[in-house]
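See structure below.
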Amino acid sequence: MNQAVELPTPQDIALAKESSRALAKYADQDRVTLKITGEDGQSEDIILPGHIMAMLLKISTEMSQGKAISLIPINAELTTQEAANMMNVSRPHLVKLLEQEALSFHKVGTHRRIYLKDLLAYMEDNDKARRQSLDDLAALSQELGLY
């Protein structure tokens, strides 16, 4: 996964803003035909499934805000540092989660690897539990008249 990630230039940001506005018009389509024209004037029509259009819209929207984008296959294997970065936690904290078996991993030689799909599932479950706790706390606060 060690890809070089570059921040978009001001020109990229401007083009992404235009693109995201145009793509948004077609975001709910099941299938779209996209015309690609190169700088040499050659063009070609391609048919894209709706979910690829949705991805293009997300990419252009993020780039229009000056954010760098990286695509990772769902079955990618992450190092502990890459997984920790995605979770926005320290690597030692992530290793502790692995040792507590809170998150699945496998070893490649002596190195721990985490499948992206497992990391995303863990993060989603963690977010659901956090939201439920906040909902419970809000309900208790209302019940006790502390709002």
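Only helices (runs of 4 or more DSSP H) whose full extent lies in segment 47-107 are considered here, and the ones with at least 2 residues that are within 13 Å of the chain's Cα centre (by Cα) are 50-64, 80-87. Read through the list (1) among the aliphatic types (A, V, I, L, M); (2) touching a Leu at 6+ places or on another chain (Cβ under 8 Å); (3) surrounded by 13 or more Cβ atoms within 10 Å (Cβ to Cβ); (4) within 30 Å of residue 21 (Cβ to Cβ), then give the number of the only condition that residue 68 fails. Among (1) among the aliphatic types (A, V, I, L, M); (2) touching a Leu at 6+ places or on another chain (Cβ under 8 Å); (3) surrounded by 13 or more Cβ atoms within 10 Å (Cβ to Cβ); (4) within 30 Å of residue 21 (Cβ to Cβ), residue 68 violates only (3). Take the conditions (1) at pLDDT 95 or above; (2) farther than 30 Å from residue 122 by Cα; (3) surrounded by 11 or more Cβ atoms within 10 Å (Cβ to Cβ); residue 90 misses just one of them, which is (2). Residue 100 satisfies every condition listed in (1) modelled with pLDDT under 95; (2) surrounded by fewer than 10 Cβ atoms within 10 Å (Cβ to Cβ) except (1).
Residue 59 falls short of the stated requirement of being closer than 25 Å to residue 124 by Cα and in contact with a Phe, Trp or Tyr (Cβ under 9 Å, 6 or more places away or on another chain). Among the residues of segment 1-51, the one identified as in contact with a Pro (Cβ under 8 Å, 6 or more places away or on another chain) and either free of Cβ contacts under 8 Å to residues at least 12 places away in the same chain or among the basic types (Lys, Arg) (or both) is 31.
The values are calculated or read from the model by the stated rules, or taken from the named source; none is laboratory data. Since we're looking at a predicted model, the values are computed, not measured. Neighbour counts are summed over all protein chains in view; Cβ atoms, including those assigned to glycine, are modelled from backbone coordinates with ideal geometry.
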